Amino acid sequence: MTIDSHHHFWRYDPAEYPWISDSMGVLRRDFLPAELHREVDAAGIHGVVSVQARQTVDETRFLLHLAAANDFVLGVVGWAPLVDPGVAEVLAELAADPKLRACRHVLQDEPDDEYMLRQDFNDGVRAVTAAGLVYDILIFERHLPHALKFVDAHPDQIFVIDHIAKPRIRDGSFAVWRNGIRACARRPHVYCKVSGMVTEAHWQRWTQGDLLPYLDTVLDAFGPERLMFGSDWPVCLVATGYGRWASLVAEYAARLGSAERDRILGGTAAEAYGLEPGASLQ
């Protein structure tokens, strides 16, 4: 089974999505399951993981509602108020839905680069662990030293680094990111998503050659066993179509043996998130 481990749904409202700038005009509309289903069918993808794009509990409920109505949505990475002392009760309610597989906070947008090291935030992550959920790490390259301390504080928690930690591909930056991502990869409870790369490159002029050093680095660091494909649809549309990105990753993985290829294209995500195929995929 092939799995897209990272995409978003939304009903567009400028007040809810202020990060969608004028340069991202293609994203200023609704993106819902029927459209994604057409994309994944065309690309030969069997299931997807929906990831939060707003930091509200209502966002998590919205995604779980869509997942319940669409069998190809295998799991949800939601949001919960991790710095709230009552977060354990919120997680208990949300995790009653078996399609909630993980939580995420938009760490990359916090003014404090060390937000993930706060005591109250880490108390919240311990509640995530107790609830049996994965935690997705959304950061920029500059946050990697803090992320290393963060994951080391939670050896029993499964982590997934989104978008290979957003290296500065457009600037050709490489060495600092490479050292940081390799250090995180030495922690066996940390996985990584091959996603969100084209939006860190030049949107109109990126080439496969621009991305290869970064792909080679995460493959070498994590191995196929902890590396998973994700589209970051619809955000990817500012730089590429769904099919083009899915084909690029599939072609890259095709150089490996079939078992290793299958891990990157679906097996790793299924293992990390504990995914089960929907009724329509049996």
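In Å and whole numbers, how far do the C-alpha atoms of the range 168-221 stretch along each principal axis, longest first?
So the three principal-axis extents are 36, 19, 14 Å.
In the range 22-167, what is the volume of the convex hull around the alpha carbon atoms, normalised per residue and reported in Å³?
134 Å³
Before rounding to the nearest 500, sum -39500 (n - 2.57) across all DSSP H runs of length at least 4 in the chain and divide by the residue total; then give [θ] at 222 nm in deg cm²/dmol. Walk me through the intermediate numbers first.
Numbers: 10 runs with 102 residues, N = 282.
Value at 222 nm, helices only, nearest 500: -10500 deg cm²/dmol.
Just rank Thr217, Thr268, fewest to most, by other beta-carbon atoms within 10 angstrom.
Working: Thr217 19, Thr268 26.
Fewest to most other Cβ atoms nearby, the residues stand as Thr217, Thr268.
Remind me, relative contact order of the range 97-200 in percent, using alpha carbon pairs under 8 angstrom and six or more residues apart? Each step should come with its number before you reach the end.
Details: 151 pairs, mean separation 27.6, N = 104.
The normalised contact order for the range 97-200 reaches 27 percent.
When the Karplus curve 6.51 cos²θ - 1.76 cosθ + 1.60 is applied with θ = phi - 60°, which whole-Hz ³J(HN,Hα) does each residue of the range 230-241 get, with x for Gly and Pro?
Values, residue by residue: x, 8, 6, 5, x, 4, 4, 5, 5, 10, 6, x Hz.
How much net charge surrounds Asp216 when only other residues with a Cβ under 11 Å from its Cβ are counted (Lys, Arg +1; Asp, Glu -1)?
Charge balance in the 11 Å sphere: +1.
Sequence gap at least 6, Cα distance under 8 Å: using those rules, report the relative contact order of the range 1-115 to the nearest whole percent.
Taking the mean separation of contacting Cα pairs over the length of the range 1-115, I get 23 percent.
Can you list the residues, at least 5 places off or on another chain, whose amide H is less than 5 Å from the amide H of Val160, using H built in the peptide plane?
For Val160, whose amide H was placed from the backbone, the distant partners under 5 Å are Tyr135, Asp136, Ile137, Tyr191.
So how far, in whole Å, is the C-alpha centre of the range 143-167 from the one of the range 78-119?
Taking the Cα centre of each part, the range 143-167 and the range 78-119 sit 15 Å apart.
Treat each spin label as a single point 7 Å out from the Cα along the C-beta direction, and report the Ala15 to Arg255 distance in nm.
Each label point is offset 7 Å from its Cα along the Cβ direction, giving 5.0 nm.
Within the range 21-35, list the residues whose amide N lies under 17 Å from a label point set 7 Å along Cα→Cβ of Gln204.
Residues 22-27 qualify, since their backbone N sits under 17 Å from the label point.
What area, in nm² and to one decimal, does the C-alpha convex hull of the range 94-177 cast on average over all directions?
Seen from a random direction, the Cα hull of the range 94-177 projects 6.1 nm² on average.
Tell me the Kirkwood hydrodynamic radius of the range 146-260 in angstroms, computed as one over the mean inverse distance between distinct C-alpha pairs.
14.6 Å
Hey, if you put +1 on the Cβ of every Lys and Arg and -1 on every Asp and Glu Cβ in the range 82-136, which of Tyr135, Ala96, Val83 ends up farthest toward the positive end of that dipole?
The listed residue farthest towards the positive side: Ala96.
Quick one: order Lys166, Lys149, Lys193 by neighbouring beta-carbon count within 10 Å, fewest to most.
So the residues, fewest neighbours to most, are Lys149, Lys166, Lys193.
Indicate the gyration tensor shape class of the range 233-277 (rounded, prolate or oblate), computed on the Cα atoms with a ≥ b ≥ c the square roots of the eigenvalues: a/c under 1.5 is rounded; otherwise a/b larger than b/c is prolate and the rest oblate.
Cα axes put the range 233-277 in the oblate bin.
Tell me, Asp210, Asp4 in order of fewest to most beta-carbon neighbours within 10 Å?
Result, fewest neighbours first: Asp210, Asp4.
How big is the Rg/Rh ratio for the chain, C-alpha atoms only, Rh by Kirkwood, two decimals?
Across the chain, the Cα-based Rg/Rh ratio is 0.93.
Determine the sum of side-chain charges near Trp19: Lys and Arg each +1, Asp and Glu each -1, restricted to other residues whose C-beta is under 11 angstrom from that of Trp19.
Neighbourhood net charge equals -1.
Computed from the coordinates by the stated procedures, all read-outs in this text should not be read as laboratory data. Given the structure is predicted, the values throughout are model-derived calculations rather than measurements. Every residue, glycine as well, gets a Cβ built from its backbone with ideal geometry; the counts of neighbours run over all protein chains shown.
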